[in-house]
Structure formats: structure tokens, C-alpha cells
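To start, the structure under review is shown below, and the notes come after it.
Quick note: the coordinates plus some simple rules give every number you see, no bench work behind them. What you see is a predicted model, and the numbers here were worked out from it, not measured in a lab. Using ideal geometry, Cβ is built from the backbone for each residue, glycine included, and neighbour counts are taken over all protein chains shown.
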Amino acid sequence: MTEKEKNVLEAVFSRRSIRRFKEGRDVEKEKITRLLEAGMAAPSACNLQPWEFIVVTDKDSLEKIRNSTESGKYNAPLAILICANTKNIPWEGNGWMIDCGAAAENMMIAAAAMELGSVWIGSHNEEKIRELFEIPGNIKLMNIVYFGYPEEAKPAGTRYDETAVYHDKYDPSRKRNMRTIDMLSDLSVKPVDL
């Protein structure tokens, strides 16, 4: 394995959902810029790059975000709202979500490489978030990602499962041990933000 492969895979495998962040430790502006650069390096359909980002570091605004989520009430010092401006996308549908999802994942992997933690928040009061951050109706709101220095440590590792891999064609007769919502009973968080 090359050094480059090792570094990339280490960042990928160490990306975990972090829900407790160090108090009083802000994310440096340089790191915020690198997170955004990583997001904007994501692939997008026809290279249209529909993503737009709202960077939130103001403590009052962060508290308002926490109050607008059902289960994303974590103490992160940074939230990035990932939005899409779809005016130049010439087709119908939600393909922009794939583009923005790739941007979010790039940012979360970059965060792991910078020793930051992150967690994807998909459950939020969209109307309230739109109002708080003056997001126009023509701009789509994908999700919120919290970033910060982790207070908790989670082990890195792959979640590789050979039963999820098919070669050359799908085999419906093969059994797979899939995760279920019941597996989350030991967590103190609701499943919408895992």
C-alpha cells in the first residue's frame, strides 16, 4: 500500500459520528476553509457544482440550530448548512442531493484527517432554519453538519461486509445480515441522525 493510499484510507476509516465536542475550542478559520475546499472538490453531475454553504460559528445562532433539531442538540462550535442552488440544473428531480451528499462526505473525511469530529444532522425544522438564516425559497436545504474537536474517541475501522457485495449480478437468494432500527436500542440518540 502506498503512503497516499494509507493516508486516504486512514481518514475514511476514522470518520465517525461524533456527538460530544470539546467546550471552548473553536475550529480555526484555516481549517474551516479547508473543509469548504474539500466539499467543493466533490464530484457533481455535469460538473454543475450546485452546492452553497452557510458557515455558522455564532454561539446564539448555533443554539438556534440546536433548538430547531429533534435530535441534533450537540455542542459543536461549528455548523455548516449544505444547500443547493439548482437554477442551472436543466433536469427535474433530486440529483442535487447526490452532489451535496458527496460534498458533505468529503468535508467529513477531511475533518477526520484534520483531527476534527463531525456529525451529519438530517432531522431539522426546515422552515425554522430557512427563516433563521434567510434562505430563499429557490435554494434547497440538504442537511447540517456539525464540526469540532472531539470530546469522545471512537475507534477507526472498516464496516466491510462481504454479504453486501455481489459480483457480476445481484443474487436475491443470498442472505444478508442487515442493520435494523432495533439495533439502535442501546444508543441515547434517535436514529434519524446516525
* **Reach of LYS31 by Cα under 12 Å, taken over aspartates and glutamates that are not fewer than 8 positions away in the same chain** => GLU115
* Counting Lys +1, Arg +1, Asp -1, Glu -1, what net charge surrounds GLY24 among other residues with beta carbon under 15 Å of its beta carbon? -> 0
* Structure fact -> For PHE21, other-chain or 5+-apart residues with amide H closer than 5 Å (H placed, Pro excluded) are ASN75, GLU151
* Structure fact -> Non-local residues with an amide H under 5 Å from the amide H of MET142, with H modelled 1.01 Å from N and Pro and chain starts lacking one, are ILE82, CYS83, ALA84
* Asked: Can you run phi through the Karplus equation (6.51, -1.76, 1.60; θ = phi - 60°) for segment 83-96 and list ³J(HN,Hα) in whole Hz, with x for Gly and Pro?
  -> 10, 9, 9, 9, 4, 9, 8, x, 10, 7, x, 10, x, 4
* Prolate/oblate/rounded call for segment 55-110, Cα gyration tensor, a/c under 1.5 rounded -> prolate
* Structure fact -> Set LYS64/LYS154; LYS29/LYS87; LYS22/LYS64; LYS154/LYS175, cut-off 26 Å on Cα-Cα distance; pairs above it are LYS64/LYS154; LYS29/LYS87; LYS154/LYS175
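What full-extension length gain, to one decimal in nm, is calculated for ARG179 and GLU23 as 0.36 nm per residue of separation minus the Cα-Cα distance? Please list the in-between numbers first.
Details: separation 156, 0.36 × 156 = 56.16 nm, distance 3.30 nm.
Stretched fully, the ARG179-GLU23 segment lengthens by 52.9 nm.
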* Over segment 3-162, what relative contact order in percent results from Cα pairs under 8 Å that are six or more residues apart? -> 38
* Could you line up CYS83, CYS46 from fewest to most neighbouring Cβ atoms inside 10 Å? => CYS46, CYS83
* Give me the orientation-averaged projected area of the Cα convex hull of segment 16-60, in nm², one decimal. => 4.6
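Provide ARG16, ARG159 in ascending order of the number of other Cβ atoms located within 10 Å of each residue's Cβ, fewest first. Please list the in-between numbers first.
Numbers: ARG16 18, ARG159 7.
Ascending number of Cβ neighbours within 10 Å: ARG159, ARG16.
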* **Under 5 Å, built H, 5+ apart or other chain: amide partners of ARG16** => SER118
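Going by C-beta contacts inside 10 Å, put TYR149, TYR160, TYR166 in order with the fewest on the left.
On the way: TYR149 20, TYR160 8, TYR166 11.
Ordered from fewest to most neighbouring Cβ atoms within 10 Å, TYR149, TYR160, TYR166 come out as TYR160, TYR166, TYR149.
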* Asked: How big is Rg to Rh over the chain, alpha-carbon atoms, Rh as the Kirkwood inverse-mean-distance radius?
  -> 0.98
* Structure fact -> Phi angles of segment 156-171, converted by Karplus (6.51 cos²θ - 1.76 cosθ + 1.60, θ = phi - 60°) into ³J(HN,Hα) in whole Hz with x for Gly and Pro, give 6, x, 7, 10, 4, 9, 4, 6, 8, 10, 10, 10, 6, 7, 6, 10
